[in-house]
Structure formats: C-alpha cells, structure tokens
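Structure record follows, encoded as structure tokens.
Bear in mind these aren't lab numbers, they're just calculated from the coordinates by the rules spelled out. What you are looking at is a predicted structure, and each value in this text was computed from that prediction instead of being measured. Here the Cβ positions follow ideal geometry from the backbone for every residue, glycine too, while neighbour counts run over all protein chains shown.
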Amino acid sequence: MPESLNAQFAALHAERERSWDPEKLARNVDQRRELVAKFDPAQVIKIGDQVEPFELLDVEGGTVTLDALVADGPAVLIFFRFAGCPACNLALPYYDRQLWPQLAAAGIPLVAISPQLPERLGEIRTRHALGFRVASDPDNRLGRRFGITFEPSDIPATPPAEGWIGEITGTGTWELPQPAVIIIDSDRIARFVAVSPDWLVRTEAPEIVAALQQLKVKAAA
C-alpha cells in the first residue's frame, strides 16, 4: 500500500491529542479551522495563468529562476512554512521518498520554497538529506503573488522577544505561505494548483505524478 502523507498527519494529530495540554491543542485546532474558514480560493493563482519571471535564493548558494526551471519542461514548486515546522518535517521527506525519484528520473525539477532566510532554511535540507532543491522566497514575494500567504488574526501589538514566527524565519513578519503545490510548464503556464489552508492536509505524491503524466500526454497529442 502506498505511503500516505495525510495518514502521517493524522497520526501526528492523534499523538498531540494524547500528549498536548488541552488548551494548547484547542488553540492549534482553532487556528487551523480559522485559516480554512478565511481561505478565499478566488485570490489564488489559477490553472492557465501565466507566471511572470521570478528569482529565489537557493539555500546551497546562487539563485533559482523560473526561466532555468522550465527551460526543458515542467517544474514542480512545493511551498512550506519553515525549517522547524513539524508538519513540514514530515512532508518534505515524504516528497523526497515518494515523488522526487520519479521526477529526477524524468528530468523534472522540484523546488521546496519557504520565506525563511536561506541561512536558517538550509537546515531542513541537511537534516533529511533531501535530494531536491530548497529555496528562500525573499519577503514572500512569490507566495504573495500566487495569493497563498496568510497572517494569524491574533497578532500581538508587540511581538515576543523570541519564539515568534518572524524571529524563527528571520523575516520579522508573521506572514507565511499556505502549503501548496504548483506545476508550471515550459510555456510558463500554471498547469496544476493545490493549496491547503489547513497545514495538516497536503497533496499526496500520486496526485502530483498524475498531473505531470497528463501534461506529458497533452504535449504528445
């Protein structure tokens, strides 16, 4: 039976129900529920939209550009929150196991993207020995352009000295991207868009592979 990312998230939540303080658990659930309620799909990049050029910062150094990614065919972008995010530390290794080998064999680039500063973001690639690239989206510019960023509604007037999102990411803001998978083809057109406002629900690898296979069939027709 294929490995399921969302089954891992369900297990993570079940463990939190067993081990977390009820108040902390309720706050986490309420935050996720609120993000789902406030999510507006109309604001998100659509299938068929033209993607304008962009540049990201590779955590290994250098830049990642749209032109380079789609020079020989489609590319897959996976947006995640930051290197220390527990759900992201399940998701990215899962994609490395279940998605990246097929993409690498087909010559399809995969880039995982977060607004976190490169010098902090790189630890998630090192920790899991990820085969695909990890890149920083400075100031959430690309995520904002795609309409997938959010901020919590209960932002305090004065941020804590440490341990808050802006301090963790190094960005100085509360803004983060929703978990998302976007496929862009060689014509710079978005061909697959999956955005989840609930960070414990994400796109399974087979769905991404199927979308890429459909693109290949259409290109050959």
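Suppose R0 equals 35 Å. What FRET efficiency, 1/(1 + (r/R0)^6) with r the Cβ-Cβ distance, do Lys218 and Ala42 give to the nearest 0.05?
On the way: r = 26 Å, r/R0 = 0.74.
Once the sixth-power term is evaluated, E becomes 0.85.
Which order do Leu12, Leu57 fall in if you start with the one that has the fewest other Cβ atoms within 10 Å? Please report the intermediate quantities before stating the final value.
Details: Leu12 14, Leu57 19.
By the 10 Å Cβ count, ascending: Leu12, Leu57.
To the nearest 20 debye, what charge dipole does the chain have about its Cα centre, counting +1 at the Cβ of each Lys and Arg and -1 at the Cβ of each Asp and Glu? Spell out each step's value before the answer.
Values: 22 positive and 30 negative charges, 95 e Å.
The dipole magnitude comes to about 460 debye.
Report the one residue of Pro53, Phe82, Gln98 whose Cα lies farthest in the direction of the positive end of the charge dipole of region 39-108 (charges on C-beta: Lys and Arg +1, Asp and Glu -1; origin at the Cα centre).
Towards the positive end, the residue furthest out is Gln98.
When the chain is treated as a GNM, springs tying every alpha-carbon pair under 10 Å, which of Ala75, Ala161, Ala190 comes out with the largest mean-square fluctuation?
Maximum among the listed residues: Ala161.
Nearest-5 percent of antiparallel DSSP beta bridges in the chain? Mind showing how you got there, number by number?
Working: 18 of 26 bridges.
Percent antiparallel among DSSP bridges in the chain is about 70.
Roughly what would the spin-label model give for Glu52 and Arg32, points 7 Å off Cα along C-beta, in nm?
Calculated label separation equals 3.5 nm.
Pairing the Cα long axis of helix 88-98 with the longest principal axis of the chain, what angle in degrees results, from 0 to 90 and rounded to the nearest 10?
It is inclined by approximately 30 degrees.
If one takes the longest principal axis of the Cα atoms in the chain, at what angle in degrees, from 0 to 90 and to the nearest 10, does the Cα axis of helix 205-220 lie?
Helix 205-220 sits at roughly 20 degrees to that axis.
Among the lysines in region 5-220, how many pairs, 8 or more places apart or on different chains, have alpha carbons under 28 Å apart? Mind showing how you got there, number by number?
On the way: Lys24/Lys38; Lys38/Lys46; Lys46/Lys216; Lys46/Lys218.
Taking the Cα cut-off of 28 Å, the pair count is 4.
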